[in-house]
Structure formats: structure tokens, C-alpha cells
Amino acid sequence: MNCTDEIKGMTASATALLRDMIAIKSVSFCEQEVCSHISAWLNSKGIRHERIGNNIVSEHITDPSAPALMLCAHIDTVAPAPEYSFDPYIPDRTEAAKRISAMTGRELQPEEVVAGLGSNDDGASVVAMIAAFIYFAESSRKQPECQEKINLTLALTCEEERSGQGGMRSLWQKRLSHIRHAIVGEPTRMKAATSERGLLVIDACAYGASGHAARNEGVNAIYIAMEDIAKIRGHAFGKVSRMMGMVNLNVTQVNAGTAHNVIPDKCSFVIDIRPTDEYSNAEILNELQSICRSRLNARNLENRSSATREGSPLLETATLTGTETFSSPTTSDWMRIGCDAIKMGPGDSARSHKADEFVLVSEIEEGIRGYINFIKAFGRIAGRA
């Protein structure tokens with residue numbers, strides 16, 4: 001694509017929208033205002049869309065028989081980390097640029113950086129996908145005889161960070177289940193994740209019997225929990241995924257005791273597990289329960305691992321466009337959709353959920369350009385099928 005001036009203009013517009021979004025607090029379950037702002041912005045560009053709760057869906061249909069692709073990204077954020085050195089919502093651009101220059105070892109000007117909560121995760125993907133979607137919609141209006149033969153769905157979702165029921169989970173069931181291929185927008189440095197681990201969080205509790213510590217009475221629940229934690233730490237799941245490797249698990253929280261002189265009758269702990277495609281979450285839960293005395297309860301069994309299917313036109317498109325592929329350790333809305341997909345977007349996952357979050361304007365430009373080129377190539381490849 002050689003339309004440098006057009007891409008620059010699209011990047012400037014996308015960057016302005018992203019700065020507006022950052023200034024609006026949009027922690028999961030509080031996305032109403034940012035959803036309204038994006039909706040108004042799309043209206044100003046003449047993009048028809050449907051608002052479903054705090055989700056936005058827009059469709060660009062060129063030909064019912066043409067290949068179809070969904071672009072999806074989330075508009076919510078996590079809560080800001082307490083270590084921010086600048087305002088996470090309306091940062092001083094000069095100070096933020098100095099801080100990020102120090103972090104990256106690059107001399108960055110304020111206009112080269114978009115800083116603040118949600119800039120990288122997932123605002124950059126949101127605005128780059130919007131820009132790419134508008135590019136195809138406007139191309140069809142301006143030059144219908146030269147339009148790309150591809151149907152696009154833009155889905156901007158809420159509650160992703162908290163696995164809420166009002167986001168992609170319900171949107172897929174009610175509105176999007178006809179979709180067959182998708183790009184899930186997340187910060188991957190525009191590499192294509194062709195698989196991602198799932199998420200299984202287990203609340204575990206060991207039970208003993210209380211007693212007076214001085215008389216050595218009771219059954220210490222902490223010791224039972226310690227034995228189970230040692231077993232969990234040393235446990236190796238037998239099946240190894242070709243794409244993702246071993247199941248990863250860590251005990252991340254422990255809580256017990258009411259006083260120094262009381263033998264605790266209960267000790268709770270939390271296990272964070274990142275499943276692979278070799279196991280269902282229920283299988284992992286049952287296997288761990290079989291080696292533990294503690295009682296294990298899963299918070300959610302639905303956050304499965306995901307993988308692009310073999311022979312997918314998305315994989316062929318990645319090869320044709322020279323897009324590097326990898327397996328992602330993090331989760332996304334991919335686990336909530338029932339179609340073939342990849343995960344790809346501007347920014348870097350290493351910056352997500354941390355203080356002083358940022359994305360470079362050059363990365364947004366790369367995202368817009370990358371999405372447009374990928375969509376064009378996908379349309380040609382899928383159109384042959």
C-alpha cells in the first residue's frame with residue numbers, strides 16, 4: 001500500500017480518538033461513557049452501527065457471497081496501577097514523553113507518544129481497527145467499481161478484562177454467531193498469535209480443626225494447604241501441546257489465621273492456571289483435585305484455550321503478507337467466540353496492566369497499514385475457496 005498521505009491522515013484521526021478515549025474512565029463494567037463517545041465519533045464519520053448494551057457492531061457488506069471477516073477489540077480497561085508517574089487519564093504530554101523516553105531509551109517527542117490507561121491495551125487496536133474498517137467502507141462509496149470483495153464486521157466490546165457476561169460472550173450468542181473468521185485486536189506488535197492459552201482460576205480451601213496453640217491442639221489447616229501446594233507445584237500434566245507446551249500453573253494467594261495463638265481451621269489459596277489445547281478446564285480441575293486434600297472450586301470453566309485451525313485462510317494470509325506468527329500466553333475475547341481466528345494488533349503486551357502505559361503513534365500507523373494489507377490479502381485468499 002503506497003497511500004502514505006492517506007495513512008498519515010488516518011493515523012492522526014485515530015490518535016485523536018484514542019486520546020479522547022483515554023480521558024474517559026472506562027474500567028470494566030463502567031464503559032457507558034466511552035461507548036457513547038465512540039458511537040458519536042462513528043456517526044460523525046457516517047458509519048452506521050448498532051449499539052448493544054455497551055458494545056458496538058457495524059457491518060460493511062459488499063456482496064453476500066464475498067469472504068467475511070470480523071475485526072473485534074475491547075473498549076474497557078483494568079484499574080490504573082498505583083505506581084503511575086503521570087495522570088493515567090489526562091497525562092501531561094511533555095512529562096509523559098520524558099518518562100517513556102527514559103523507559104525505552106529513545107528520545108521521543110510528545111506528539112510521538114500516546115500515554116495513559118488503555119492506550120496500549122486495548123485502545124490502539126480499537127482505533128486502528130476502526131480506521132481500517134472506515135477505509136474499506138469509504139473506498140466502496142468513492143469507487144464502487146474498484147471495491148475489495150470482502151464483508152467486514154466491526155465489533156467493539158465491553159467487560160473483556162473481567163470476563164463479564166455483557167461483552168463478547170453474550171454478543172457472540174445473540175448477534176455474531178454466523179461469523180466464520182476473525183482478527184482479535186490485542187497488543188502483539190502486529191505479529192499474529194495463532195494460539196493462546198486459556199485461563200482457569202481455582203479457589204482452594206484446606207480444612208482442619210481449631211485449637212489453642214499453647215496446648216498444640218487442633219489440626220493446622222496451613223500444614224494441609226502447604227502439603228497440597230507442594231504437590232501442585234511438583235505436578236506435571238502428561239500431555240504437552242505442540243503449539244503451547246506444558247500447562248502452566250502458579251499459587252498466587254494464600255490466606256489463613258485469626259490470631260497468633262489460635263490453630264487455624266481453614267487456609268484458603270488461589271491457583272492461577274494457563275491451560276493448553278490438550279486439556280479442558282474441567283479435566284485440569286479434576287486432575288488436581290485427585291492429588292489434593294483441599295477442596296478445589298473453579299471460578300469459571302469456560303475460559304478455554306484457542307488455536308487457529310489447520311489449513312485456515314488466516315494462516316495462509318499471514319504467510320503471504322510476511323506476518324510473523326507465535327503462541328500467546330495471555331487470554332482475550334478469542335476464547336469467547338466460536339470461529340476461526342488469529343490475535344493481532346499494535347502495541348506490546350509487555351506494557352499491559354502496568355503503570356505508565358503507552359503506545360507509539362508509529363505503532364498505530366503500523367497497525368492501520370497492517371490491518372488494511374492483511375484484510376486485502378485475506379479477501380483474495382478466502383475468495384478462492
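Every number here is computed from the coordinates shown, using simple stated rules; none is lab data. In this text the structure is predicted, and so the values were computed from the model without any measurement. Using ideal geometry, Cβ is built from the backbone for each residue, glycine included, and neighbour counts are taken over all protein chains shown.
Below are the figures for this structure:
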| quantity | calculated |
| --- | --- |
| Rounded tilt (10° steps) of 361-384 against the dominant C-alpha axis of the chain | 80 |
| Residues 336, 48, 274, 162 arranged by fewest to most Cβ contacts within 10 Å | 48, 162, 274, 336 |
| Region 324-340 - phi-based ³J(HN,Hα) in whole Hz, Karplus 6.51/-1.76/1.60, Gly and Pro as x | 5, 10, 7, 9, 8, x, 9, 9, 7, 5, 3, 6, 9, 10, x, 9, 5 |
| Shape of region 1-65, Cα gyration tensor, a/c cut at 1.5 | oblate |
| Helix-only mean residue ellipticity at 222 nm for the chain, each DSSP H run of n ≥ 4 adding -39500 (n - 2.57), per residue, nearest 500 | -10000 deg cm²/dmol |
| Separation of alpha-carbon centers, region 201-244 and region 86-109, rounded to whole Å | 44 |
| Angle between the chain longest axis and helix 4-22 axis [Cα atoms, degrees, rounded to 10] | 40 |
| Of 174/231; 98/191; 239/343; 8/343; 142/354, those spanning more than 32 Å from alpha-carbon to alpha-carbon | 174/231; 142/354 |
| Sequence-distant residues sharing a close amide H with residue 74 (under 5 Å, placed H) | 157 |
| Furthest towards positive pole of dipole, 60, 248, 288, structure part the chain, Cβ charges | 288 |
| Ranked 76, 333, 87, criterion: other C-beta atoms within 10 Å, fewest first | 87, 76, 333 |
| Loop-resident sites, region 196-245, for GluC sites (Glu not before Pro), counting at most 15 other Cβ within 10 Å (DSSP) | 217 |
| Cα-based Rg / Dmax (Å) for region 58-216 | 22.5, 89 |
| Angle between the chain longest axis and helix 93-104 axis [Cα atoms, degrees, rounded to 10] | 60 |
| For a label point 7 Å along the Cα-to-beta-carbon line of residue 214, residues of region 255-276 with backbone N under 16 Å | 259-263 |
| Whole-Hz ³J(HN,Hα) from phi, Karplus 6.51 cos²θ - 1.76 cosθ + 1.60, for region 58-69, glycine and proline x | 9, 10, 10, 10, 9, 7, x, 8, 6, x, 10, 8 |
